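Asker: Structure provided below as structure tokens; questions to follow.
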Amino acid sequence: MNKVKLEYIWIDGHQPTQKLRSKTKVLDGPIENLDQIPDWGFDGSSTNQAEGTDSDCLLKPAFLAPDPVRGEDSFLVMCEVMNADGTPHKTNMRAACKVTANKFLSEEPWFGIEQEYTFFQGRSPLGWPEGGYPAPQGPFYCGVGADEVFGRDIVEDHMEACIEAGLEISGINAEVMPGQWEFQIGPIGTLDAGDQVWLARYLLYRIAEDYGVSATLHPKPVAGDWNGAGAHTNFSTKAMRAEGGIKIIEAACEKLKEKHAEHIEAYGAHNEERLTGLHETCSVREFRYGVSDRGASIRIPMQTANEGKGYLEDRRPSANMDPYLVCAMLLETTCG
Ligand code: ADP
Ligand code: MN
Ligand code: MN
Ligand code: MN
């Protein structure tokens, strides 16, 4: 009988930004689907999810993918964290996202998330001179050449791993700040967007580990005249994609305007350091939407305006946002 390695992955209780944790279970195979994967537990007092005197939290397998790192007979198991009584733990954002996703299923929502991130080696972004700065921004975005982009081998490995894991990765590019990159997940449904972005983050950290490099989702990893890192969330419903959809998109923008402060609250910690009104952002205190406007809160892509249907891009979420929270909130605000 083959031994199967299962990497149980969950989201901890770290504040203000939750982090990923994982541990391995070895089982007798074969394993073919989620139903065959047992619940598990962990020490919640070590993850800011419980007190030491009553420390057990439950891991409930929620999403299964082949593990591209270990290969054959190995799986990644994205879990929900539950209380001992089987109810969702207060740090479990997936449970609420699932309820919202089901509530708005008939809208047929699609999400495409652009996950930006920054590689670090030691205390500097990857490729930066130790303790110093590279040349000013300008040539690095979508650059090519060893003097322009840093970490491409990791990025390629990560993209391949996402594909092998069955994730809907739809592209990668080098970003404006050297050492900063982006991958895109989608377009896919609400809960899948959350699961897949979190799993893709896990794979990014795990693969970069082998290179002695870390990846951070901090929205402003380097202060000053350097671009921050966001997670632009592209969003559409069936009605937005249909003839005359632009009207629905504009109405959605008006609804988002009303709830700007609440959305910002949920769009990631330290985001105000990034949303300054400079570096292709709109100030955190303002809400603006416009066609092709990369200085707006919401951009309506040129093609969407031209065709009179399509999607909108919420440019406000920061790189460290929780996709379960952001996607659910976009649905509630625009379709609720
Ligand atoms: P940008 O020009 O802002 O850099 P990207 O190409 O990086 O855009 O990302 C756009 C994302 O939007 C992709 O993930 C893509 O799959 C997604 N997308 C495309 N069409 C739709 C749609 N109708 N609804 C939701 N997301 C979409
Ligand atoms: Mn992009
Ligand atoms: Mn980008
Ligand atoms: Mn974008």
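The values are calculated or read from the model by the stated rules, or taken from the named source; none is laboratory data. All of these numbers come straight from a predicted model, not from anything done at the bench. Counting neighbours? That spans all protein chains shown, and the Cβs are built from the backbone with ideal geometry, glycine included. Calculation scope for accessible area: heavy atoms of the full protein, side chains included, ligands and nucleic acids excluded. Shrake-Rupley method; radii C 1.70, N 1.55, O 1.52, S 1.80 Å.
Asker: Could you list all residues from the stretch 83-132 that are more than 16 Å from ligand 1 (Cβ to nearest atom), within 25 Å of Q196 (Cβ to Cβ) and touching a Pro at 6+ places or on another chain (Cβ under 6 Å)?
Answerer: Answer for the stretch 83-132, where residues must be more than 16 Å from ligand 1 (Cβ to nearest atom), within 25 Å of Q196 (Cβ to Cβ) and touching a Pro at 6+ places or on another chain (Cβ under 6 Å): A95, T118.
Asker: Under 9 Å between Cβ atoms, at least 6 apart or on separate chains: pull out the pairs that start in the stretch 51-63 with a residue that is at pLDDT below 95 and end on any residue that is assigned to a strand (DSSP E or B) and open to solvent by 60 Å² or more (accessible area, probe 1.4 Å).
Answerer: G52/D43; S55/D43; D56/D43; C57/D43
Asker: Can you tell me which of (1) assigned to a helix (DSSP H, G or I); (2) free of Cβ contacts under 8 Å to residues at least 24 places away in the same chain; (3) within 29 Å of Q49 (Cβ to Cβ) is the one E156 doesn't meet?
Answerer: In the conditions (1) assigned to a helix (DSSP H, G or I); (2) free of Cβ contacts under 8 Å to residues at least 24 places away in the same chain; (3) within 29 Å of Q49 (Cβ to Cβ), E156 misses (3) alone.
Asker: Hey, another quick one. Which ones in the stretch 276-306 are more than 16 Å from ligand 1 (Cβ to nearest atom) and of a type outside the set (D, E)?
Answerer: To start, the set of residues in the stretch 276-306 that are more than 16 Å from ligand 1 (Cβ to nearest atom) comprises 276-278, 283-288.
Answer for the stretch 276-306, where residues must be more than 16 Å from ligand 1 (Cβ to nearest atom) and of a type outside the set (D, E): T276, G277, L278, S283, V284, R285, F287, R288.
Asker: Being touching a strand residue (DSSP E or B) at 6+ places or on another chain (Cβ under 7 Å), closer than 30 Å to E272 by Cβ, aliphatic (A, V, I, L, M) and in contact (Cβ under 8 Å) with a residue 12 or more places away in the chain narrows it down to one of L6, L20, L34, so name that one.
Answerer: Details: L6 fails: closer than 30 Å to E272 by Cβ; L34 fails: closer than 30 Å to E272 by Cβ.
After ruling out the rest, the residue left standing is L20.
Asker: Return only the number of the condition from (1) within 16 Å of ligand 1 (Cβ to nearest atom); (2) part of a helix (DSSP H, G or I); (3) open to solvent by less than 40 Å² (accessible area, probe 1.4 Å) that A208 does not satisfy.
Answerer: (1) is the only condition that A208 fails.
Asker: I've got another one for you. Among the residues of the stretch 223-246, which ones are more than 16 Å from ligand 4 (Cβ to nearest atom), open to solvent by 20 Å² or more (accessible area, probe 1.4 Å) and touching a residue at least 24 places away in the same chain (Cβ under 8 Å)? So that I can check it myself, show each step before the final result.
Answerer: Of all residues in the stretch 223-246, those more than 16 Å from ligand 4 (Cβ to nearest atom) come to 223-226, 237-246.
Pick out the ones that are also open to solvent by 20 Å² or more (accessible area, probe 1.4 Å) and you get 223-226, 238-239, 241-244, 246.
Of everything in the stretch 223-246, those that are more than 16 Å from ligand 4 (Cβ to nearest atom), open to solvent by 20 Å² or more (accessible area, probe 1.4 Å) and touching a residue at least 24 places away in the same chain (Cβ under 8 Å) turn out to be A223, D225, W226, K238, A239, R241, A242, E243, G244, I246.
Asker: Next question. Taking only the stretch 178-206 into account, find how many residues are away from ligand 4 (no atom under 15 Å from the Cβ) and closer than 15 Å to L126 by Cα.
Answerer: 4
Asker: Scan the strands (runs of 3 or more DSSP E) fully inside the stretch 32-111 and keep the ones with 1 or more residues being within 23 Å of C162 (Cα to Cα) and open to solvent by 50 Å² or more (accessible area, probe 1.4 Å).
Answerer: Numbers: elements: 40-43, 56-66, 74-82.
Strands (runs of 3 or more DSSP E) meeting the threshold: 56-66.
Asker: Continuing with this model, one more query. Only one of A174, A193, A165 is surrounded by fewer than 23 Cβ atoms within 10 Å (Cβ to Cβ), at pLDDT 95 or above and farther than 30 Å from D225 by Cα; which?
Answerer: Details: A174 fails: farther than 30 Å from D225 by Cα; A193 fails: surrounded by fewer than 23 Cβ atoms within 10 Å (Cβ to Cβ).
The match here is A165.
Asker: Does L191 fit the bill of being closer than 26 Å to A65 by Cβ, hydrophobic (A, V, I, L, M, F, W, C) and within 16 Å of ligand 1 (Cβ to nearest atom)?
Answerer: Details: closer than 26 Å to A65 by Cβ: yes; hydrophobic (A, V, I, L, M, F, W, C): yes; within 16 Å of ligand 1 (Cβ to nearest atom): yes.
For L191, the condition - closer than 26 Å to A65 by Cβ, hydrophobic (A, V, I, L, M, F, W, C) and within 16 Å of ligand 1 (Cβ to nearest atom) - is met.
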